[in-house]
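> Please read through the structure below; I'll follow up with questions.
The values are calculated or read from the model by the stated rules, or taken from the named source; none is laboratory data. Remember, it's a predicted structure, so these values are computed and weren't measured experimentally. Quick reminder, even Gly has a Cβ in these numbers, built from the backbone with ideal geometry, and neighbours come from all protein chains shown.
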4 protein chains.
Amino acid sequence: MGMIGGGKDAFIGAVHRMSANLDGLIELSAGSFSSNPEKSLESGRALFLPSNRIYATYQEMLEKESQLPDSERIDFVSIVTPNYMHFDPAMMALNYGFHVVLDKPITLNSDQAWQLHEKVNQSGLLFCLTHTYSGYPMVKQARYMVANGELGKIRKIYVEYPQGWLSGVVENTGNKQADWRMDPSRSGKAGCMGDIGTHAAHLAEYISGLKISHICAQLNKVGEGRILDDDGAILLQFDQGASGILIASQVAAGEENALTIRVYGEKGGLEWKQMEPNSLIIKWLDKPLEILRTGGAGLSEVAKLHTRTPAGHPEGYLEAFANLYRNFALAIMNRMGTEKANPLLDYPGTEEGLRGMNFIDKVVESSDSQTKWISMQSKYSV
Amino acid sequence: MGMIGGGKDAFIGAVHRMSANLDGLIELSAGSFSSNPEKSLESGRALFLPSNRIYATYQEMLEKESQLPDSERIDFVSIVTPNYMHFDPAMMALNYGFHVVLDKPITLNSDQAWQLHEKVNQSGLLFCLTHTYSGYPMVKQARYMVANGELGKIRKIYVEYPQGWLSGVVENTGNKQADWRMDPSRSGKAGCMGDIGTHAAHLAEYISGLKISHICAQLNKVGEGRILDDDGAILLQFDQGASGILIASQVAAGEENALTIRVYGEKGGLEWKQMEPNSLIIKWLDKPLEILRTGGAGLSEVAKLHTRTPAGHPEGYLEAFANLYRNFALAIMNRMGTEKANPLLDYPGTEEGLRGMNFIDKVVESSDSQTKWISMQSKYSV
Amino acid sequence: MGMIGGGKDAFIGAVHRMSANLDGLIELSAGSFSSNPEKSLESGRALFLPSNRIYATYQEMLEKESQLPDSERIDFVSIVTPNYMHFDPAMMALNYGFHVVLDKPITLNSDQAWQLHEKVNQSGLLFCLTHTYSGYPMVKQARYMVANGELGKIRKIYVEYPQGWLSGVVENTGNKQADWRMDPSRSGKAGCMGDIGTHAAHLAEYISGLKISHICAQLNKVGEGRILDDDGAILLQFDQGASGILIASQVAAGEENALTIRVYGEKGGLEWKQMEPNSLIIKWLDKPLEILRTGGAGLSEVAKLHTRTPAGHPEGYLEAFANLYRNFALAIMNRMGTEKANPLLDYPGTEEGLRGMNFIDKVVESSDSQTKWISMQSKYSV
Amino acid sequence: MGMIGGGKDAFIGAVHRMSANLDGLIELSAGSFSSNPEKSLESGRALFLPSNRIYATYQEMLEKESQLPDSERIDFVSIVTPNYMHFDPAMMALNYGFHVVLDKPITLNSDQAWQLHEKVNQSGLLFCLTHTYSGYPMVKQARYMVANGELGKIRKIYVEYPQGWLSGVVENTGNKQADWRMDPSRSGKAGCMGDIGTHAAHLAEYISGLKISHICAQLNKVGEGRILDDDGAILLQFDQGASGILIASQVAAGEENALTIRVYGEKGGLEWKQMEPNSLIIKWLDKPLEILRTGGAGLSEVAKLHTRTPAGHPEGYLEAFANLYRNFALAIMNRMGTEKANPLLDYPGTEEGLRGMNFIDKVVESSDSQTKWISMQSKYSV
């Protein structure tokens, strides 16, 4: 693996590396960790990389790595830069024949996403978009149970993602994470809805197997002087008649990272909370509530395949993230002929990326509109 | 106390009686428990009432009781009939000079509510609308903390009230509670939103001290053949710039009575769940989360005044309900000169009733409209 | 009902009255609320009793009430005085032919308990010992499931009752509840173990249907200068081979009233927490955990018979307490011929009182002994 | 790192590898994964090791690795075999100059532990005993708060470790984990108490900073035909006057891995549950309960140093385990001169190993004895 971005002090770069490390399938072999060559070098050394695999620019890395023999060169790149720096390195990596892991949202705008989607399809290369939360074993279990009809026809979906870390206008006081996220030129046309609303929307569609068809959104700019939304709520209509709501906020003071989803069908409902990820609560209409537990009794094959430790040995965010990397690595190994394919070992790709960009477009459009319901239909809604 | 409605097998009548009994301040002395005189008699006897205080009709009760000497006759009536039977007995009771306790929503429509409101104001009689949930001590505490500025300026309010008991079309299979609630002629123009949405709206305004100013609602009729909503969600705007959402559903299969509210200000957020009512969670932006507990340390005077048992001896729904009755009884005793007034011992009245009817009107209007935002302003929005 | 003790400011007297009031079956008609006649009068008036039913002494009350006609006089007395004031009024009440409700522990010592037990048996009068916690519907459910073999043979019982209110030596600073409880002449030979350890022991035996056969106890006097235990732990052996532990503490700083029990059999375990009393957690060996809920699906008849409100309308301590009073009142009405007997409507009696006194004796003996295991066998272990 | 044991299908070997991988500081470079050379080879290949670093025996590995140049050879060995295979490879590794990571309990008996302890001290080599649970950041925080006097003088410690996986006699039906653990020749003189009781005892001492001084134990052999304990409970006395209990069970049917500790001082208590490891509950005597959260506000430096992700991104068992490996790797790097020492980055060593073996000896002695209290004093109680 070669990494683009993620130098020292970058939050998400370290998360990607730990997650890639966990299963011993992936080795960090090269990197261009910063647009500042010195910082890149320093970061690479701290990661025990040999100097000749630490590059001053991603262009240099892609070019030089592509010239190394197959047995030495990196197999894929992981791009962990801010949104505005997603498209160019991803496209270049694909052009050089590297598979790509990319953080969400996939690009700065829908048009870039579309180009990337087409490029991936044409090239036949592998592409993983890190919608981390769908990597949790109990999310897999939830999806399985819905697909299996255990809840009956789905009627209601409530998904919410409250955080509180942007309650103060911390981008004005040196918080780098906030700084680029609240800047449209680096973040895109949405703030909170792009950053975490897309996670919530993906999770709702992933678990329910339904697609959001219409929305009615209210975005807010609560922090003084903000250009992008830091908060919002959306009425949702899904195909096949379900409805629901989506909440995303980064000004819910005191909340950590409280992504939560509830899905109700005719026979019962399920509830999953990212902050207590090893429990999946099933509330039945006519029998006692059940709690399914990571590693515990009564789980589907797909949940088991994404679990590393026995019940009661809690798994967390890094393990969920590692499931994406593990599945992506196995897909590459399958391409190489060293692993059998297993459709249960899934990971999000450019379709999910496109849907996320379309979600951003439509939510902003809806919030700005006096029309109540906005259709999600567009050329990007694959 | 004389009771109108609430014969054997009626859910809410028994709840009113137990709540009225609890503190030994109120005695059930008379009743007209059913429109069926025999059933009324049977019910009254089961409640140990003497035969001469069990009446065949509420008209008879009000007339005869009003002729009894002051020391014998009832001081107030408690009306626990379905919505369409609220207005007439309430108005007649006021005309006979009785104070009134009435279940919510206050009447079948806003016009009736307005007449009742005016009548109460003109008569100077006391009136209590049983929005039970604002009787909980931790709700009082939450309201106190917001008013006291402890969370800073309020920004977000999420209130939700999911139930699952109407997941099946049980009104077709003999469920009497469902039967009248899903019938517009007996329930009014809203189903779920009138029955429990009004509780949620009242709770949000009660705790936050803010008023809902604009709404954008989606009501659903999920159960096949239903004329009234059994589910809905609303985007909310409050005065003073806060925003939020309100969810109410009676088809969230597997949910019991999960009224929950979260209120976030600049400095932190609070969370209260009716199903775990003795904990009030305070999530601070920059210090550890705290949990305030009924009867525990750090509580305001108003919370203490609504608590009966020491910390760790859980109080519940009946105690919250009893707080309304206790406060109402003390207000009557104050009128009689036997108790001092205490503004902390509050209970909802016709203003809250009017606001509830206006909420129902506007929510139905919004759901039927293609206009995104509907103002809550009306002649009823006192 | 006539009350002995429980004047103004007494905690448990008010609890008894509210619990007795709740269901409208019992009326407080007389009382001797304090050894101080003026205070008794003042208390009785605050409770709306007529002056001629407020007595200066319990002796006077029992004598005079016994001379009233059947239709006027009290049916039973409720004695809510400190332990040292249990025996004399209870015995006198029985002698005058009144049924008796008595707070636990039953008496100051085992010998008194034995006399009371014999007297009750000889007189044929009804007697209720208020082990409140066995009145909770989910405790009834737990007992039912164990008896029904749903957990298989019982192997382990962990019962614990931590409180923190005696962490400081508050009996020296005016806390009346602490004052008599830490005084052997008024409390008996145990402090914490008598006050709350007996509740824990009763709950363990009530749910499991097993009897404690041997114990190994360590009592502690943590608060400086205390003569009685304020803390302790006990290794337990039950008949039929189960084992476990019992913890009781009043110096577990920060704990409220955290009575909790876990019972494990061959097929699974159950867990019940008094502070969240409406959930009964069932942990199965080989299938997902279930949570049974007061008023919810899948409950036994006995649980339903002790429930007043639908699922999600939380019941609490007063409702559990009221179940004892309700069952006792129905037993009296059965004696009068106005109610059918129902063995599911149980309440603790003198046998449980004797077992509690024997528990106190043996725990103190064990703690003082160097012998490891002490048998619970004695003349009092009925 | 070279690994001894932990071939395919071994639970704890994979845990060690993932934990060692996580931070990118440690590389698995060699291994002898099984006493069966073919299985060792197969396991090593599955882990992408070159054939010349996969060894048929640990003796071969230690010998050959010791002959490699410094820059190539392993720095330390990780021994993840059953208890009876701890001493010989550990001693041999030390003799060859390798640092050692060893699973707990440290050896099969106290005498071996003592020899290892002396050897480590004499050699100056580094040694880490994997008491995983003290690697959790909230455990570090708990230890810090106690040491800092925030709870006042410690009075009570309740530690419990219930599991249910040995409820059935699964060693008779092919469960390999159960098979060796229930065999004294491979497990040692205790079963459950050696396997998980030692974890509980270590955690109690680690957090409280106190030492267990006296015990009174009851061990049980619940599963039919078992020679070793599968369950037990212990009354504890600590130095400096605290007391408590320790529960460990592997027949608590339905329990997963529910290690929980509560520590109470004069001013308040703390509670930590391994299955919800990111919350540390602080119950104050006279102010509201607080919950400290991994990555959240109000934490000590030592907690922060053992945390990888922001608050609300749950960390789990592997991260706790990885903290031991990370700290051990940094200690080795400090020895090499490439890292500064930081006393906050601790890990358990042979002293904790010796204390664990002494705990096993004394618990078995106490359970077999009719004497109530057994002193923990011995030549091994360092």
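For (1) of a type in the set (Val, Ile, Thr); (2) within 14 Å of another protein chain (Cβ to nearest Cβ), each residue gets a yes or a no:
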site	(1), (2)
D:SER29	no, yes
D:ILE54	yes, no
D:LEU68	no, no
D:ILE74	yes, no
D:ALA93	no, no
D:TYR96	no, no
D:LYS104	no, no
D:SER110	no, no
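> If you go through the range B:64-87 one residue at a time, how many are more than 19 Å from the chain's Cα centre (by Cα) and either under 28 Å from B:MET182 (Cβ atoms) or surrounded by fewer than 19 Cβ atoms within 10 Å (Cβ to Cβ) (or both)?
Going through the range B:64-87 one residue at a time, the tally reaches 9.
> Going by the conditions given, is D:ALA341 out of contact with any helix residue (DSSP H, G or I) (no Cβ under 7 Å at 6 or more places or on another chain), over 30 Å from A:ASN323 (Cβ atoms), away from chain A (no Cβ under 14 Å) and of a type outside the set (S, T, N, Q)?
Answer is no for this residue.
> Right, D:GLY124: more than 25 Å from D:GLY13 (Cα to Cα), out of contact with any helix residue (DSSP H, G or I) (no Cβ under 6 Å at 6 or more places or on another chain) and not assigned by TED's automatic domain parsing to the domain that holds D:GLY194 or not?
yes
> Please verify whether the range A:197-208 includes one or more residues that are in a loop (DSSP other than H, G, I, E, B), in contact with a helix residue (DSSP H, G or I) (Cβ under 7 Å, 6 or more places away or on another chain) and crowded, with 24+ Cβ neighbours inside 10 Å.
No - not one qualifying residue is present in the range A:197-208.
> Within the range D:346-382, can you find the residues that are of a type in the set (A, V, I, L, M) and either closer than 16 Å to D:ILE215 by Cβ or crowded, with 20+ Cβ neighbours inside 10 Å (or both)?
Result: D:LEU354, D:MET357, D:ILE360, D:VAL363, D:VAL364, D:ILE374, D:MET376.
> Looking at the range B:163-182, which of its residues are under 21 Å from A:ILE261 (Cα atoms) and either in contact with a helix residue (DSSP H, G or I) (Cβ under 9 Å, 6 or more places away or on another chain) or more than 8 Å from every other protein chain (Cβ to nearest Cβ) (or both)?
Passing the criteria: B:GLN163, B:TRP165.
So that you can scan it fast, the table gives a plain yes or no per residue for (1) among the hydroxyl-bearing types (Ser, Thr, Tyr); (2) buried (at least 24 other Cβ atoms within 10 Å of the Cβ); (3) not in a loop (DSSP other than H, G, I, E, B):
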{"residue": "B:MET3", "(1), (2), (3)": "no, yes, yes"}
{"residue": "B:LYS8", "(1), (2), (3)": "no, no, no"}
{"residue": "B:ILE12", "(1), (2), (3)": "no, no, yes"}
{"residue": "B:ARG17", "(1), (2), (3)": "no, no, yes"}
{"residue": "B:ALA20", "(1), (2), (3)": "no, yes, yes"}
{"residue": "B:LEU25", "(1), (2), (3)": "no, no, no"}
{"residue": "B:SER35", "(1), (2), (3)": "yes, no, no"}
{"residue": "B:LYS39", "(1), (2), (3)": "no, no, yes"}
{"residue": "B:GLU42", "(1), (2), (3)": "no, no, yes"}
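> I've got another one for you. Kindly indicate the residue of the range A:242-252 that is within 14 Å of chain D (Cβ to nearest Cβ) and not in a strand (DSSP E or B) and also farthest from A:GLY194 (Cα to Cα) among those meeting that condition.
It comes out as A:ALA252.
> Something else about it: Of everything in the range A:63-111, what is polar (S, T, N, Q) and in contact (Cβ under 8 Å) with a residue 60 or more places away in the chain? Give them in sequence order.
A:SER78, A:THR81, A:ASN83, A:THR107, A:ASN109, A:SER110
> Can you name the condition, by its number, that A:PRO343 falls short on among (1) farther than 24 Å from A:ALA297 by Cα; (2) outside the structural domain of A:ALA147 (by TED's automatic domain parsing)?
So A:PRO343 meets the others, but not (1).
> Can you give me the number of residues within the range B:312-325 that are assigned to a helix (DSSP H, G or I) and within 11 Å of chain C (Cβ to nearest Cβ)?
Residues flagged as assigned to a helix (DSSP H, G or I) and within 11 Å of chain C (Cβ to nearest Cβ) within the range B:312-325 amount to 6.
> So, one more: Please indicate, with yes or no, whether at least one residue in the range C:167-180 is under 22 Å from C:GLN112 (Cα atoms) and surrounded by fewer than 24 Cβ atoms within 10 Å (Cβ to Cβ).
Looking through the range C:167-180, at least one residue is under 22 Å from C:GLN112 (Cα atoms) and surrounded by fewer than 24 Cβ atoms within 10 Å (Cβ to Cβ).
> Mind listing just one residue for me: the one in the range B:226-241 that is more than 8 Å from every other protein chain (Cβ to nearest Cβ) and over 19 Å from B:ARG355 (Cα atoms) and, of those, surrounded by the fewest Cβ atoms within 10 Å (Cβ to Cβ)?
The extreme case among them is B:ILE227.
> Give the residue, chosen from D:ALA320, D:ALA303, that is within 16 Å of D:TYR206 (Cα to Cα), crowded, with 19+ Cβ neighbours inside 10 Å and more than 18 Å from the chain's Cα centre (by Cα).
Sole residue among the options that is within 16 Å of D:TYR206 (Cα to Cα), crowded, with 19+ Cβ neighbours inside 10 Å and more than 18 Å from the chain's Cα centre (by Cα): D:ALA303.
> While we're here: Considering only the range B:75-153, give the helices (runs of 4 or more DSSP H) lying wholly within it that have at least 3 residues that are closer than 26 Å to B:GLY298 by Cβ and of a type outside the set (Gly, Ala, Ser).
Filter on the range B:75-153 gives B:137-147.
> Between residues in the range C:26-37 that are assigned by TED's automatic domain parsing to the domain that holds C:PHE76 and charged (D, E, K, R) and residues that are at pLDDT 95 or above and surrounded by 15 or more Cβ atoms within 10 Å (Cβ to Cβ), which pairs lie under 8 Å by C-beta distance while being six or more apart or on different chains?
As it stands, the answer is C:GLU27/C:MET1, since those pairs meet every condition given.
> Got at least one residue in the range D:332-342 being buried (at least 23 other Cβ atoms within 10 Å of the Cβ), part of a helix (DSSP H, G or I) and touching a strand residue (DSSP E or B) at 6+ places or on another chain (Cβ under 7 Å)?
There is no residue in the range D:332-342 that is buried (at least 23 other Cβ atoms within 10 Å of the Cβ), part of a helix (DSSP H, G or I) and touching a strand residue (DSSP E or B) at 6+ places or on another chain (Cβ under 7 Å).
> Ok, one more. In the range C:51-61, which residues are part of a helix (DSSP H, G or I), buried (at least 23 other Cβ atoms within 10 Å of the Cβ) and either touching a Pro at 6+ places or on another chain (Cβ under 6 Å) or without any contact (Cβ under 8 Å) to a residue 40 or more places away in the chain (or both)?
Residue satisfying the conditions is C:TYR58 alone.
> Across the range D:345-370, which residue is nearest to D:ILE196 (Cα to Cα) among those that are assigned to a helix (DSSP H, G or I) and within 14 Å of another protein chain (Cβ to nearest Cβ)?
D:VAL363
> Residues being at the interface with chain A (Cβ under 7 Å from one of its Cβ atoms) and in contact with a strand residue (DSSP E or B) (Cβ under 8 Å, 6 or more places away or on another chain): count how many of those fall in the range D:297-311.
The qualifying residues number 1.
> Within 30 Å of B:GLN218 (Cβ to Cβ), modelled with pLDDT of 95 or more and surrounded by 23 or more Cβ atoms within 10 Å (Cβ to Cβ) - does that describe any residue in the range B:279-299?
yes
> Give the residues of the range A:171-196 that are over 16 Å from the mean Cα position of the chain (by Cα) and part of a helix (DSSP H, G or I), sorted by residue number.
Within the range A:171-196, A:GLU171, A:ASN172, A:THR173, A:LYS176, A:GLN177, A:ALA178, A:ASP179, A:TRP180, A:PRO184, A:SER185, A:ARG186 meet the criteria.
> Go through C:ASP88, C:ASP75 for me and flag whichever is of a type in the set (D, E, K, R) and under 23 Å from C:GLY188 (Cα atoms).
C:ASP88
> Provide a single number: the residues in the range B:253-292 that are in contact (Cβ under 8 Å) with a residue 24 or more places away in the chain and either within 14 Å of chain C (Cβ to nearest Cβ) or within 22 Å of B:GLU160 (Cα to Cα) (or both).
Matching residues across the range B:253-292 total 25.
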